[in-house]
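One structure is given here, and the rest of the page talks about it.
What follows is calculated from the coordinates using simple rules that are stated; it is not laboratory data. Keep in mind the model is a prediction, meaning the values are calculated, not measured. Ideal geometry is used to build each Cβ from the backbone, glycine not excepted, and the neighbour counts take in all protein chains shown.
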Amino acid sequence: MEPMTVNGRSFTPLKLLGKGKGGYSWLVTDGQREYVLKQIHHEPCDYYQFGDKMASELNDYQHLLAIGIPMPRLLEADRVQERILKEYIPGNTIYDYVKQDRMEPDFLRQMEQMCRLLYPANTNIDYFPTNFVVNAGKLWYVDYECNHYMEQWDFENWGIRYWSKTPEFLEYDLAHR
């Protein structure tokens, strides 16, 4: 794959980490360190409406930072190319832990601690388990997406459905093999 640039700095893509509603996330390197480079995309999404995706990413990052959610630092934003460079947090996702039957009660406790910060701030995040990485026992939210709190989309009513081998998790996993 061709090198990718952020504000004129060149990065070599190592692998695609994932595709979300708003963009593709790549593990990249500058030859010395690894980073995550998110390329905003404008592909349609049947169940979610977007405005300015780049502005949303940057605003959401600032909002979650102020709340105190553990997440990778935003290092650079390239508005022209709609790319975001952020700190890389190595580790397995909660999705990996669920799939491999390695889920630990402490991960749920850490998620509950995040919810105690989010809900009073009238905020939900995307609780899908691919958005959470465990590094040295600490749970990190590696996406920046957040929305106004709605009970139907909070962790207890939506997210928890994917944090164990529920029918919803198994159906998603089967469809994405």
Worksheet entry | Correct choice for Cα extents along the principal axes in Å that was computed from the model, options (1) 43, 33, 32; (2) 44, 39, 25; (3) 50, 37, 25 | (1)
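What does the C-alpha gyration tensor say about the overall shape of the stretch 115-177? Classify as rounded when a/c is under 1.5, otherwise prolate if a/b is larger than b/c, or oblate. Before the final figure, lay out the partial values.
Values: a/c = 2.10, a/b = 1.34, b/c = 1.57.
Judged from the Cα gyration tensor, the stretch 115-177 comes out oblate (a/c at least 1.5, b/c at or above a/b).
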Worksheet, complete the sentence: So, over other residues within a Cβ distance under 14 Å of L174, counting Lys, Arg +1 and Asp, Glu -1, the net charge is 0
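Neighbouring Cβ atoms within 10 Å as the yardstick, rank Y97, Y119, Y141 fewest first.
Ascending Cβ contact count within 10 Å gives the list Y119, Y97, Y141.
Between rounded, prolate and oblate, where does the stretch 4-87 land on the alpha carbon gyration tensor, with a ≥ b ≥ c its root eigenvalues, rounded for a/c under 1.5, else prolate if a/b exceeds b/c? Let's see the in-between values first.
On the way: a/c = 1.71, a/b = 1.26, b/c = 1.36.
Note, shape of the stretch 4-87 comes out oblate.
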Fill in: Over the chain: helical MRE at 222 nm, DSSP H runs n ≥ 4 each giving -39500 (n - 2.57), nearest 500
-7500 deg cm²/dmol
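Considering lysine pairs in the chain that are 8 or more places apart or on different chains, how many have Cα atoms under 15 Å apart? Mind dumping the intermediate values first?
Values: K15/K38; K19/K38; K19/K53; K21/K38; K21/K53; K38/K53; K38/K86; K99/K165.
Going through the chain pair by pair, I get 8.
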Item to complete: Quote the FRET efficiency, to the nearest 0.05, computed for N59 versus H176 with a Förster distance R0 of 41 Å and r equal to the Cβ-Cβ distance.
Response: 0.90
Worksheet item: In the neighborhood of R9, defined by Cβ-to-Cβ distances under 13 Å, what is the net charge if each Lys or Arg adds +1 and each Asp or Glu adds -1?
Response: -1
Item to complete: Report ³J(HN,Hα) in whole Hz for each residue of the stretch 123-132, in order, from the Karplus equation J = 6.51 cos²θ - 1.76 cosθ + 1.60 where θ = phi - 60°; Gly and Pro get x.
Response: 9, 10, 10, 8, 6, 4, x, 6, 8, 10
Worksheet item: How do the peptides 108-116, 124-132, 32-40 rank, highest first, by the average count of neighbouring beta carbon atoms within 10 Å per residue?
Response: 124-132, 32-40, 108-116
Discussion item. Tell me the net charge near F155. Cut-off is 13 Å between Cβ atoms, F155 excluded, with +1 for each Lys or Arg and -1 for each Asp or Glu.
Written reply: -2
Response to the item:
Long-range amide H partners of G18, meaning residues 5 or more apart or on another chain whose placed amide H is closer than 5 Å, are S25
